[in-house]
Structures are given as C-alpha cells and as structure tokens.
Amino acid sequence: MAGVVVGLVLVLLYVAGSGRLAREVRAGRPTATTRPALDLGARFAHQREAARDLGVATSRGSEKQILFGDFHVHTSFSPDAFTQGMPLTGGTGSHTISDACDFARFCSNLDFWSVNDHAEGSTPRRWKETIEAIGQCDAVFDPEESGAERDLISFVGWEWSHMGTTAENHFGHRNVILRDLDPDRLPTRPIASDSPARYFPEISTLLLGLMPFLAGDLEYLRYANYQQETAAIERCPSGVPVRELPDDCREYAATPGELLARLDEWGFESLVIPHGTTWGMYTPQGSSYAKQLRSDWIDPVRQRLVEVYSGHGNTEPYRDWRTIERGEAGERICPMPSDDYIPGCWQAGEIIRMRCQDEGIDAALCDARAVVARQRYADAPAGMGHLSVPGWTADEWGDAGQCRDCFQPAFSYRPQSSVQAMLALSRESDDPDRPLRFRFGFIGSSDNHTARPGSGYKEIARTTMTDVRLSRVDLPIPLPEEEPVAESRVAEPEDLPPNKWIEQDRIGSFFYTGGLVAVHAAKRERQAVWSALESRETYATSGPRILLWFDLLNPPAGESKGPIREAAMGSAVEMGDAPIFRVRATGSRVQLPGCPEATRAALTPERLERLCRGECDNPSDERRLITRIEVVRIRPQLHAEEDLGPLIEDPWRSFACKADPTGCVVTFSDPEFPGLGRDAVYYARAIEEPSETINGGNLRCEPSSDGSIACEKLTPCEPWAPDSDDCLAPTEHRAWSSPIFVDRGRPRASGRLDD
C-alpha cells in the first residue's frame, strides 16, 4: 500500500512539474488607442521653444527633433523576468509585451522602444508572438486622429547574454535591434549565447512539481509550464546555414564574432549594442574589454553604439584600481586597498581576521587565515567571491568592491570594461593608418524586467520601477542562517542554496529607475530614428529628458552636410587644426503628480494602477537647472602596452552654468590637439541640479571614526525593504553626448575619414 501511495505522489509531482496544469504566458494585445496629436504637438512645442532659446534654430540640426526611447526591455518571455513576477521574488504576476507597449505609450510617453527578451529563453511560439505583438503595438495609429506622425515607434529585438566563468572566456551581453517589422525581414529565431556559465539552469520535473506544495502557492504551476516549454527546444545543428535550419530549434553563437557572422548571413538591418559591461554580479574579476578588440569581432556597421547607463547602473567611468591583479604565471593576486577603493578580496581577509581576533586566536594564525581568505575570494567564480566568507553580513563587507566616487555605479564595478576604457583602447591592424578601435555612440536604456520601458520618468515605486526583485529570493522553506565562523571556505555555489548565490543585502542598493536613449531625428518615423542611430547622433540620459546638443564647429570641408558647417555628436573627422566645440543643454521638465487626462481616458483605473502605479510622465512648464557642463577627452592608445589612466581625462574641462532655466551654452577649443601627435575623442556631460533619486546614496556608508577608508555603518536598501521606502537621496542626473572622434591629419587616398 505504501508503494502505491508513493507511486501516486510521484505521478502527481510529475504531472504538476510537466507544466500541463497551467496555461503558458502569452504576449497579449495592446490597448488600441493612440496618444492625441495635440498632446504630442504641445510636447514638441516646448522642445522647439527650448531649442530656440539656445540658438539651435540658427545652426545645423535645427530641422531635427529630439526623440526619447528605451532599447532594453524585458517581458515575462525572459526567464529572469518571468521569475521576477513569481512569489519567489515577491512578484505580482506576469508582464506581457502588450503591458510594455501600453506602458511606453501611456505611462512613460516614449517616442520609440524595443523589446529585448533573452534569446536563451526564447521558443518558436514566444518569438512568433513577439513579432505579432510588436507589430500590433506599432499599428495602433490612425493618421486622421493622431496627426501626420506616429505616436510610438516599436522595434523587435533580443538580448544575447554571454556569461563566462573567467575573465578570459567572458564576453558580456548585447542587445540586437532589428530595423523592420515585416516578418519576411526578420530572422526565423533569435540567436542565443553559448556561454561557459549557464545563464538559466534547467530544473528537474519532480522538483518543479514539488514547488507548488512546498510554497503553498499554485502560481508555481505556471513556473513549471514556463520552464518545460523553454527546456523542450533543442539546439540547432551546427555547420548549417541559418536559412536552412529547422524552424523549431534554438540557435546559438559562442562569441561576439559568431553572432555578427550569423547576422551577416541573415542580411537584415540590425544593430548590436553592448551593455552592462562593468556589472560585477556576472562579470568575472579582472575582466577587460581589450580582448574583444579584434578585427573579426568589430562590425563598424552593426556595432556602433554602447549602452552607457541603465537601471543596472552607470558603466561610463574608468578607474585605475583593480579588482584582482595577475602574477607572472597568470595567477590571481589580491591587490592592496587604495585611498578610494577596497577590493572585495581584501575585505574578505579582513572579515576573517577580525572574527579570528574576536575569538582570541593567535594574531599570526589570524593573519594567515586572512591571506587564505583573500586568495579564495580572488579564485572564486564570477560574482561568487562573497561565498568564501560563511555567514557574512552587509556591515562586514561595507562598500568593498564598489566605485565610491562614481555617479549611480554598477554593482561591484569592473573598470577595465568601462565605456571610457573601450574608447581608449587601440590595436594594430593591417593598415598602420587605421588602427582597430571601438567608435561607439552612447545610449541609455532601462534594462527593465517588468515590461516597463522608460521607467525613470519619476522616482517612485522602487520595487516595481527598478529591478530590485532580481536580487530577492524567498525560498519556500526558510533555511537556517549560517554561522559566521572565523575561517574562509572555497566558494562552491552548488553546495549552497540559491538565496546565497548573490549579495542580496548589498546589491539592492544598486538598482535604479531606467535611463533613456535620445536621438536627433529628421522625422518622427522609423527610418529617421534608424538613421540617427546609424550616424551615432544619439545621447544617453540617466532618466530625465534633458535636451542636449554637442557639435564640432570647424570640421574640414566635406565633413558636414547642409549650408551650415558643423558636425554633430557621433561624427568622425580628420583634421590638423585645433577643434572648436559647442555644447548646449536644457534641463528636464519638472514632473507634476498623477497622469495626464489622455492616459486616464485610455486606461482603466485598475490598469493605470497596475502598470503606472498611478503616476505617469506628466511634465510641467518648469525646467530644472543645468548646473555645469563637463567635457571628457580621451586619447586612444598608440600601442597596446600604453597605460589607459593618463589617456582618459575626466573631466578635461568643466564649465559652471548660470542659474538660467533656459539652459546653458559653452564653446571651447583644444589648442593642444595639433601638437599631440595622436587622435582624440571628446564627449560632453550635462549635469542637472540635485534631485531626490531612488538609491541615490547607494549603500549609504557612514565613514569610519578611526580615519580608515572602511565604513563605520551601512544603511543599505535591501530587496525586502517595504514599498513605502524608496531609499531616496539627492543626486545629480545627467546626459552624456555621443563622442566626436577627431583624428590627426594623415596622408590618405581619400580626404574623408572612413569610420
């Protein structure tokens, strides 16, 4: 009889874990209503007025408008986004593509957006529904009601998510954006990453079936359905041209070069945008983007942009400190702390040493244990160094591993993969006059996992407008706390429960509301947006809709178009004279509470609350002040061994702005350029007056009273903090222009620089 009962239980668990007892997540249909043309007209009337006040009406670019969008959005078709909606993370259910469309149109009032679900979790059904839903979102347009221009331009895309186990085999994440919506002009399937580290591990059927009963929540039946559908897709056969592959397989690319080659096979218009390059949660210690500067991995047509800011943090600044160092034989070495940085590996040793001393153990033995702890942290897999210290607390770690002087930094910052480091890199090529370099324009986006494009319009609702739930794991059965023993251990994540795999207590302080990508577009239409992206006439913001122009005023003849001789941000020119630049910026409009009438008319009160949390982009006529303009100059390497630090001048120039709500204009030149004997890269930051911001204070570290660089106390914004606590602190939001690349004059067959 007992055997029969056991058999029935196993059958029940198997059926529950098979996913057959729940319906799959669908893409849904967006609300079939556009924003009124009058609302759009009023918004751009404000923009044109601000542009006229800064003199844009008499310069190059006066015929263009600035459009704002988000090119990094996840829905519940992504495995991590699906999990974020589950009870496991305190979620509130699935978030569909139709939700994202409605949010972009009515909550954040974007001009364009894309969906970027992880290809590693895609299935033929999900990809087909993605294309259909994005097409429906874009088709919600009636010229007779909405005027001559589309209110929201929607793009199809995906994320290629590569995670390495070491600095050498880690290539990072990229978003692929496709220009067209016609299914005949789109790949049959997205291309996933073939990573050394599994991004989304498979779970056994019996364990999936057990979860609803352990948690007492039938929502986990949907989780089983999702996991089983994802796992059922087989790998595409290798060595087969992409157009000859079966429709129902998952296609993989092991390297960035292979991804670009497969996109070349398809031949469709696309952009490949790196992001999250400094985020230490998945980027191994010691990672550097230098290994990716290869001729077969650089595509000057597709890979023209980089995401400099998202809701997962700022990836712009380079710093000279290192997370680990390398010995002569390539072994990992824990570096000493500096005046502004404590390596995580060093702090691991300090934690063990202090625990050891508190137990009255001999000082020499405690020092020896500290040395071992540092090495175990340094040798740990990507993002797992903290596991080498049993029973750790956030106060023990302090702000070790973090960039202390960075604006809204990514967690456990990896400076050698920062955007500034990328722009400073240079390698020899077959043509000595054309070295290999990254010539990236800048964008911002959200990297939002709850289908909320452009979530940074207001600093509200931390647990839904940021991705803090990605760091929260509530296991069905509470596990006993670890003892804070005075010895380290080898970091083996498979021996520990998943709620220990990430630093939940600290990482929650490094999730932000999303950034934006801005384009200078000739028209409010798909091709105009695409042309601006291709020409790098783009900039990034940390969320607010700052207006920004950055121009080279004296480009060589033939380097600018139109009657006015100026070259816009993103341009690449060759000249021998001192370049002269102008930056113009106007602050974002102060937000009013609530939502505009058009949004309240389009969405039911229940949907308005669920999607927008009752608050929408609702700008007033008042603008925030621009307090200063900062200019960064980067001189790319002359050879691979040249130290990056002295080549990155940040800021190279800083200009204080008057307290003028119309904005700020600065003009400057670089008289040193003709004598440098090398190329230079310039970009501008427009800084707004301080405003209250979610996680603006990060870990809220109180300096130590003994004068050391350690924190006396932390007040981190934990994933479990209540919704009523938005962890607000003042910070200076900003916009980053795309660079202008100025190469020194060289003899060439062509007078125009081919970038």
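The values are calculated or read from the model by the stated rules, or taken from the named source; none is laboratory data. Remember, it's a predicted structure, so these values are computed and weren't measured experimentally. Positions of Cβ are generated from backbone atoms using ideal geometry, with glycine treated the same way; all protein chains shown enter the neighbour counts.
A compact table of results
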quantity: Residue in the range 139-156 that is surrounded by 19 or more Cβ atoms within 10 Å (Cβ to Cβ), closer than 23 Å to GLY257 by Cα and at pLDDT 95 or above present; calculated: yes
quantity: Among (1) over 30 Å from ILE153 (Cβ atoms); (2) of a type in the set (Lys, Arg); (3) in contact with a Leu (Cβ under 8 Å, 6 or more places away or on another chain); (4) surrounded by 24 or more Cβ atoms within 10 Å (Cβ to Cβ), the one test that ARG427 misses; calculated: (4)
quantity: Qualifying residue in the range 314-326 (condition: in the same structural domain as GLN285 (by TED's automatic domain parsing), among the polar types (S, T, N, Q) and farther than 18 Å from HIS386 by Cα); calculated: yes
quantity: Single residue of VAL15, VAL11 found to be exposed (fewer than 12 other Cβ atoms within 10 Å of the Cβ) and not polar (S, T, N, Q); calculated: VAL11
quantity: In the range 649-671, the residues that are exposed (fewer than 14 other Cβ atoms within 10 Å of the Cβ) and either among the β-branched types (Val, Ile, Thr) or free of Cβ contacts under 8 Å to residues at least 12 places away in the same chain (or both); calculated: LYS658, THR667
quantity: Only one of ASP39, ASP70 that is in contact with a Pro (Cβ under 8 Å, 6 or more places away or on another chain), surrounded by 24 or more Cβ atoms within 10 Å (Cβ to Cβ) and assigned by TED's automatic domain parsing to the domain that holds VAL665; calculated: ASP70
quantity: Sole exception among (1) closer than 30 Å to ILE233 by Cα; (2) buried (at least 21 other Cβ atoms within 10 Å of the Cβ) for ARG105, by number; calculated: (1)
quantity: Residue within the range 344-354 that is surrounded by fewer than 18 Cβ atoms within 10 Å (Cβ to Cβ), within 27 Å of ALA368 (Cβ to Cβ) and either outside the structural domain of VAL419 (by TED's automatic domain parsing) or touching a residue at least 24 places away in the same chain (Cβ under 8 Å) (or both) present; calculated: yes
quantity: Any hit, the range 282-290, residues being touching an Asp or Glu at 6+ places or on another chain (Cβ under 6 Å), of a type outside the set (S, T, N, Q) and in contact (Cβ under 8 Å) with a residue 60 or more places away in the chain; calculated: no
quantity: Subset of the range 267-287 [assigned to a loop (DSSP other than H, G, I, E, B) and either over 30 Å from ARG374 (Cα atoms) or hydrophobic (A, V, I, L, M, F, W, C) (or both)]; calculated: GLY267, PHE268, GLU269, TRP279, MET281
quantity: Sole exception among (1) closer than 30 Å to ARG589 by Cβ; (2) assigned to a strand (DSSP E or B) for ARG633, by number; calculated: (1)
quantity: Subset tally (residues that are outside any loop (DSSP other than H, G, I, E, B), at pLDDT below 95 and of a type outside the set (Gly, Ala, Ser)) for the range 66-111; calculated: 8
quantity: Some residue of the range 214-226 being polar (S, T, N, Q), assigned by TED's automatic domain parsing to the domain that holds ASP117 and touching a residue at least 12 places away in the same chain (Cβ under 8 Å); calculated: yes
quantity: Strands (runs of 3 or more DSSP E) wholly inside the range 658-710 containing at least 1 residues that are modelled with pLDDT under 95; calculated: none
quantity: Within the range 351-431, helices (runs of 4 or more DSSP H) holding 3 or more residues that are under 19 Å from the mean Cα position of the chain (by Cα) and farther than 20 Å from GLU718 by Cα; calculated: 419-424
quantity: Any pair with Cβ under 7 angstrom, 6 or more apart, that starts in the range 582-595 at a residue that is over 21 Å from ILE626 (Cβ atoms) and ends at one that is buried (at least 22 other Cβ atoms within 10 Å of the Cβ) and not basic (Lys, Arg); calculated: CYS595/CYS612; CYS595/CYS616
quantity: Evaluation of ARG125 against (1) out of contact with any strand residue (DSSP E or B) (no Cβ under 9 Å at 6 or more places or on another chain); (2) not β-branched (Val, Ile, Thr); (3) not in a helix (DSSP H, G or I) (one fails), failing number; calculated: (3)
quantity: Any hit, the range 267-276, residues being small (Gly, Ala, Ser), within 19 Å of the chain's Cα centre (by Cα) and either surrounded by fewer than 21 Cβ atoms within 10 Å (Cβ to Cβ) or farther than 26 Å from PRO435 by Cα (or both); calculated: no
quantity: Residue in the range 717-733 that is surrounded by 15 or more Cβ atoms within 10 Å (Cβ to Cβ), closer than 21 Å to VAL56 by Cβ and at pLDDT 95 or above present; calculated: no
quantity: Options SER488, SER446, SER455; residue that is outside the structural domain of SER531 (by TED's automatic domain parsing) and in contact with a Ser or Thr (Cβ under 6 Å, 6 or more places away or on another chain); calculated: SER488
quantity: Those strands (runs of 3 or more DSSP E) lying entirely in the range 504-612 with at least 2 residues of a type in the set (A, V, I, L, M) and more than 24 Å from LEU67 (Cα to Cα); calculated: 572-575
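Conditions tested, residue by residue: (1) surrounded by 20 or more Cβ atoms within 10 Å (Cβ to Cβ); (2) out of contact with any Leu (no Cβ under 6 Å at 6 or more places or on another chain).
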residue: GLU574; (1), (2): yes, no
residue: THR586; (1), (2): yes, no
residue: PRO593; (1), (2): no, yes
residue: LEU608; (1), (2): yes, yes
residue: SER620; (1), (2): no, no
residue: ILE626; (1), (2): yes, yes
residue: ILE634; (1), (2): yes, no
residue: ALA640; (1), (2): no, yes
residue: GLY645; (1), (2): no, yes
